[in-house]
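Written out below as structure tokens is the structure these notes cover.
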């Protein structure tokens, strides 16, 4: 049975609990702390009554004030939309090229486009359009499907190699697998491709092989055909690696990326804004 006694050192009564000779003092909580605690309890009870708080089987308690944070947010967003309506109306009525040519709208588009790009495009193309392995750099002057602001907008709207009716699509055939060329010929073409960007010499016969099998998309000079989405092979910019082994691998078993359709995910105004921003990153034509 616990015995209560006064501590000899402090004069405070003990609780009767003792561990290894250490006795627990019966020290009450400060009065200010107790008032704060009970005040918080009363405040919480009032909050539960006034505001939505408790979940139920079919929803939640609405609260006597009828407050709804979602409706409140909707009102705030509508107010923001109204404040921007003048600008948005101009964007909707103008083409993306006209927006890019209007200095006032261009400033607005750049600010909005940067945010849109960061939220939707940067995971693949890098924060500043610097690209990633298998994802094109947007800050250079190398464009597979054309680098005008209208070209960029079309790519964003309909994507690349998607199931949209207006998508841009091309297919580089697996030349060796489909037995269109031999392994030896693929090696010769790879050597020629390397020479186009100043790496290595051109073995005899490679030019003819390149023209026969590759020029329809990449051009006879290897500088690419944007109508076909054919990359420029002369500038040293590579999507899947610039070594001869990487080029040879692409000839044998080509990789083809897919860019999603952004129509429906982004509004028409947002697409125009991000198109202008991408065009400004350094490589727009």
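State all residues of the stretch 123-153 that are within 14 Å of the chain's Cα centre (by Cα), part of a helix (DSSP H, G or I) and buried (at least 16 other Cβ atoms within 10 Å of the Cβ); if no residue qualifies, say none.
Within the stretch 123-153, 125 is the sole residue that qualifies.
Which residue out of 104, 98, 92 is over 20 Å from the mean Cα position of the chain (by Cα), touching a residue at least 60 places away in the same chain (Cβ under 8 Å), surrounded by fewer than 15 Cβ atoms within 10 Å (Cβ to Cβ) and at negative phi?
Sole residue among the options that is over 20 Å from the mean Cα position of the chain (by Cα), touching a residue at least 60 places away in the same chain (Cβ under 8 Å), surrounded by fewer than 15 Cβ atoms within 10 Å (Cβ to Cβ) and at negative phi: 92.
Can you find a residue that is assigned to a helix (DSSP H, G or I), closer than 21 Å to residue 137 by Cβ and touching a helix residue (DSSP H, G or I) at 6+ places or on another chain (Cβ under 8 Å) anywhere in the stretch 187-196?
Yes; the residues of the stretch 187-196 include at least one that is assigned to a helix (DSSP H, G or I), closer than 21 Å to residue 137 by Cβ and touching a helix residue (DSSP H, G or I) at 6+ places or on another chain (Cβ under 8 Å).
Identify, by number, the condition in (1) modelled with pLDDT of 90 or more; (2) farther than 28 Å from residue 266 by Cβ that residue 74 doesn't meet.
Here residue 74 meets the rest and fails (2).
How many residues are surrounded by 10 or more Cβ atoms within 10 Å (Cβ to Cβ) and under 18 Å from residue 153 (Cα atoms) if we restrict to the stretch 163-183?
5
For the stretch 196-223, name all the residues that are surrounded by fewer than 19 Cβ atoms within 10 Å (Cβ to Cβ), over 35 Å from the mean Cα position of the chain (by Cα) and farther than 30 Å from residue 158 by Cα.
Matches in the stretch 196-223: 200, 201, 202, 203, 204, 205, 207, 208, 209, 211, 212.
The values are calculated or read from the model by the stated rules, or taken from the named source; none is laboratory data. Model, not experiment: these values are computed from the prediction. Glycine gets a Cβ as well: all are built from the backbone with ideal geometry, and neighbour counts include every protein chain shown.
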